[in-house]
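Enquirer: One structure, as structure tokens, below. Some questions next.
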Amino acid sequence: MAKEIVFYDYWRSSASYRVRIALNLLGLQAEHRPVNLLTREHLKTDYLTLNPQGLLPALVIDGKTLTQSLAIIEYLHASTPGSGLLPQDIDGQYKVRQLSYAIAMEIHPVCNLSIVSHVAEITGGGDDAKKAWMQHFIAKGLAAFENLLEGAGPFCHGDTPTMADCCLVPQLYNANRWGIEISGFPKILRVAAALETLDAVKDAHPDVIGAPD
């Protein structure tokens, strides 16, 4: 695996949070370089040179820049011997990707900070509009995710955490942040309870990372 890993992230970025968990699960050490979304550091020339999309996270491995959280996680899986972030069997790989995409490609895009802020602006609804938007789409997405979960394993797919778990944890953090009731999702709660026991998950939490100065 790589000799040097530099990780550009933001403490509350769901996409960054996913990759933090994946790095921890794989035991990979990275130099963290926070990029403050609120002060628009992600749109400054230095960062846009690194990642022309101006999105977080970005991961630099021995000088090679990787972007897009799920692509990063799959790269880390493929390049780390013994990684369990994706199962070995094709059906298991499909299931983990299905669950991961249900969050990263369905819930996350419409609940991105830039999207929600734009909605609040054009509706004139302010913070109330933001909260209503988040509650609607996160609750709807998690209800679908609950129905997609299968099996009796402690995690999203089987006995070890995968990319799907890396995606679920940040979404549950957002659900709690926006006051969304999840008591009606017993399978999600089962998985969450198992994940909360892992140091790799605990150490990736935004409160542990802390807001940038």
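Enquirer: Please indicate, with yes or no, whether at least one residue in segment 133-150 is closer than 21 Å to R12 by Cβ, of a type in the set (S, T, N, Q) and surrounded by 13 or more Cβ atoms within 10 Å (Cβ to Cβ).
Expert: Yes, there is a match, as at least one residue in segment 133-150 is closer than 21 Å to R12 by Cβ, of a type in the set (S, T, N, Q) and surrounded by 13 or more Cβ atoms within 10 Å (Cβ to Cβ).
Enquirer: So which residues in segment 1-28 are in a loop (DSSP other than H, G, I, E, B), at pLDDT 95 or above, surrounded by fewer than 19 Cβ atoms within 10 Å (Cβ to Cβ) and on the phi < 0 side of the Ramachandran plot?
Expert: L28
Enquirer: Report yes if some residue within segment 113-132 is within 25 Å of D207 (Cβ to Cβ), in contact with a Phe, Trp or Tyr (Cβ under 9 Å, 6 or more places away or on another chain) and of a type in the set (G, A, S); otherwise report no.
Expert: Within segment 113-132, not a single residue is within 25 Å of D207 (Cβ to Cβ), in contact with a Phe, Trp or Tyr (Cβ under 9 Å, 6 or more places away or on another chain) and of a type in the set (G, A, S).
Enquirer: Among the residues of segment 178-212, which ones are free of Cβ contacts under 8 Å to residues at least 60 places away in the same chain, in a helix (DSSP H, G or I) and not aliphatic (A, V, I, L, M)?
Expert: P186, K187, R190, K202, D207
Enquirer: Okay, next question. Residues that are at pLDDT 85 or above and either buried (at least 18 other Cβ atoms within 10 Å of the Cβ) or in contact with a strand residue (DSSP E or B) (Cβ under 6 Å, 6 or more places away or on another chain) (or both): find the helices (runs of 4 or more DSSP H) completely inside segment 55-127 holding 3 or more of those.
Expert: The qualifying helices (runs of 4 or more DSSP H) are 69-79, 90-101.
The values are calculated or read from the model by the stated rules, or taken from the named source; none is laboratory data. Computed from a predicted structure; not experimentally measured. For neighbour counting, all protein chains shown are included, and Cβ atoms are generated from backbone atoms with ideal geometry for every residue, glycine included.
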